[in-house]
Amino acid sequence: MNGQHLSKVFHGGTGIRAGKEAGAPLLDFSASINPYPPHLSFQLDPFRLEHYPDDTYTELKGVIAGRFCRDVDEIAIGNGSIEIIRVLCSSVLSPGDSVEISPPTFGEYEFSARLAGASIGRGPGTRLRFLCNPNNPTGHLVERDEILSMLDRCEEDEALLAVDEAFIEISDDPMQTLVGIRHPSLFVMRSLTKSFAVPGIRFGYGFGNPDLVGMLEARRLPWSVNVVAEHLAIEAFLRYEELSISRERIRSERERLCRGLLDLPLEIVPSRTNFLLLNTKGDVVPLVECLMRRGILVRDCHSFGLPNSIRVAVRTREENLRLLEALSECLR
């Protein structure tokens, strides 16, 4: 499919725009970000704003390398993980190539693959396979050993396995990560958006073979990570261990939220991260509109191919109680 005929992927996190359209602020459950992030102070020297960023991002990559015990030349960075996905697809795919994706999952994988001229397929001959772990929107976490088996099959097929770990740092078991695995058929993507609750700065990063990373860095737009994002990213990596507190609180609140949802006519898809997929008996549009009228924004999952489902973030206890109250009213 020619890229010019594609429409942009719909995402959650539209709280500001939706609130303006509704004429009142909305409590945004459509964006699955950490409700208990480490506190990042913002004290940027104005001098930094008067100069271009260092496009090699030597200091930033050095901090990431130290945090994850990787070499600097194994690290790619970008303006959010979406830029990483786009540049990855443009680097390794050619028109006619096949990409394997297991729906329902993050729509940018297919979109970026089709922009590069590839099609969606399965099995031998696949050039690239995407895996979102934990998966968006289901919250399913694939065990590390199973992913390593996938990696073996990808190596046999001469395919690249791209594992998106955007939510793994705030999942129940971050030890399932593959970030420490060096393998020519593996590329691991990360983001600060979810774990540190900073979607506004747009910062993503990835780990892979130096030759592949070199291709990505060559295709990335110059200075795509601005000095504000760079400054906050460095501070975030220095406070990385504090995410253990976030994980404990998220798990506790998710379990509490699930107990409240048991009384409602919904199917709760088991999740191991900071959001829940909720299945209903019919199309969710009336439910989404009803919640909006009560000041609650949830993720309508039509764009995932799930017209009977919504995805809700796990937020603070008080906010989750407001969600339960609104759902109870709308599902009566």
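The values are calculated or read from the model by the stated rules, or taken from the named source; none is laboratory data. Because the structure is a prediction, the values reported are computed rather than measured. Cβ placement follows ideal geometry from the backbone for every residue including glycine, while neighbour counts extend to all protein chains displayed.
Side notes on the structure shown:
- Among the residues here, Thr280 does not qualify as outside the structural domain of Pro199 (by TED's automatic domain parsing), under 19 Å from Ala31 (Cα atoms) and at pLDDT 95 or above.
- Helices (runs of 4 or more DSSP H) (entirely within the stretch 1-78) containing at least 2 residues that are at pLDDT below 80 and surrounded by 11 or more Cβ atoms within 10 Å (Cβ to Cβ): 15-22
- Number of residues in the stretch 236-293 that are among the β-branched types (Val, Ile, Thr) and within 27 Å of Gly204 (Cα to Cα) equals 3.
- Annotation: of all residues in the stretch 238-270 being in contact with a Leu (Cβ under 8 Å, 6 or more places away or on another chain) and of a type in the set (A, V, I, L, M), the one that is nearest to Glu319 (Cα to Cα) is Leu257.
- Within the stretch 92-122, the set of residues being within 19 Å of Arg219 (Cα to Cα) and touching a Phe, Trp or Tyr at 6+ places or on another chain (Cβ under 7 Å) comprises Tyr109 only.
- Qualifying residue in the stretch 257-267 (condition: in contact with a strand residue (DSSP E or B) (Cβ under 6 Å, 6 or more places away or on another chain), modelled with pLDDT of 95 or more and not in a helix (DSSP H, G or I)): yes
- Tally of residues being surrounded by fewer than 19 Cβ atoms within 10 Å (Cβ to Cβ) and aromatic (Phe, Trp, Tyr) across the stretch 97-106: 0
- Where a residue in the stretch 93-106 is closer than 11 Å to Thr126 by Cβ and its partner, wherever it lies, is surrounded by fewer than 19 Cβ atoms within 10 Å (Cβ to Cβ) and of a type in the set (Val, Ile, Thr), with Cβ under 9 Å and at least six apart: Ser98/Ile120; Val99/Ile120; Glu100/Ile120; Ile101/Ile120
- Cβ-Cβ under 7 Å pairs, at least 6 apart or on other chains, the stretch 135-146 side touching a residue at least 40 places away in the same chain (Cβ under 8 Å) and on the phi > 0 side of the Ramachandran plot, far side of a type in the set (S, T, N, Q) and buried (at least 22 other Cβ atoms within 10 Å of the Cβ): Gly139/Ser271; Gly139/Thr273
- Top-ranked residue of the stretch 107-145 - restricted to ones that are part of a loop (DSSP other than H, G, I, E, B) and of a type in the set (A, V, I, L, M), ranked as surrounded by the most Cβ atoms within 10 Å (Cβ to Cβ): Ala118
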